1. In nm, give the distance between the simple-model label positions of MET51 and ARG83, each being 7 Å from the Cα along the Cα-to-Cβ direction.
2. Give me the net charge for the shell around GLU163: Cβ to Cβ below 12 angstrom, other residues only, Lys and Arg +1, Asp and Glu -1.
3. Two decimals is fine: what's Rg over Rh for the stretch 112-163, C-alpha atoms, Kirkwood radius as Rh?
Amino acid sequence: MRRAGIRISPHYPRDAGTARSVVAGLSTAHRLRGFTLVEMLIVILTAGVLMSLATASLVMLVRLDGAARQRGQATDTLANLARQFRADVHEARAASAAGPADPGGRQTLGLTLPDGRKITYVAADERVIRAQEGGPAGKREDRFPLPAGCRATVSLARRDAAEVAALTVASSAPAGLSLRIAAAVGRDHRPAGPQEKPKE
């Protein structure tokens, strides 16, 4: 069919309502066409950046947790060492100290207890060894690891008519750990508990 030189297809909608439906369908199909390659690349790059930031944060948290655990373990170890050292020195009836016995620079402090036990403290790099001989427990050895970069030394000096044994833990870093544990041989200098007043 031809009108004014224009060929009209027999399948072309002749009414305005059908034409609007066709146009609306074409617009809907255009809107549902999906993502382009550039949009996909932008999404992938954004996800990669977010994953990198999350991974870095997780690694930092794990390292901080590990460092906190190490500091807690070091604090507990030093507290146990100080308690054991003071108890042994206070109970000892005799003490002797010796300088470095080997090229490693280890120092020793020997204690003799009233029950015949002999306890030797060996101070070296990053560890303190407590060796015990005699007594019901027999031969025993305890190791106290020190924080990295720390070194322990022992000394024995006379002060105010009493022998004072000292165990010093120091770090090689300028602002590192520094701890000194001192106790009088055969004496407990901790303050006594409250005493009852004599009754009148």
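1. Taking the simple label geometry, MET51 and ARG83 are separated by 4.9 nm.
2. Numbers: positive: ARG93, ARG158, ARG159, ARG187; negative: ASP160.
Taking every Cβ under 12 Å from that of GLU163, the sum is +3.
3. On the way: Rg = 13.7 Å, Rh = 12.7 Å.
My calculation puts Rg/Rh at 1.08.
All of the numbers you see were taken from the coordinates with simple rules; none came from a lab. Every value quoted in this text rests on a predicted model; they were computed, and no experiment measured them. Glycine gets a Cβ as well: all are built from the backbone with ideal geometry, and neighbour counts include every protein chain shown.
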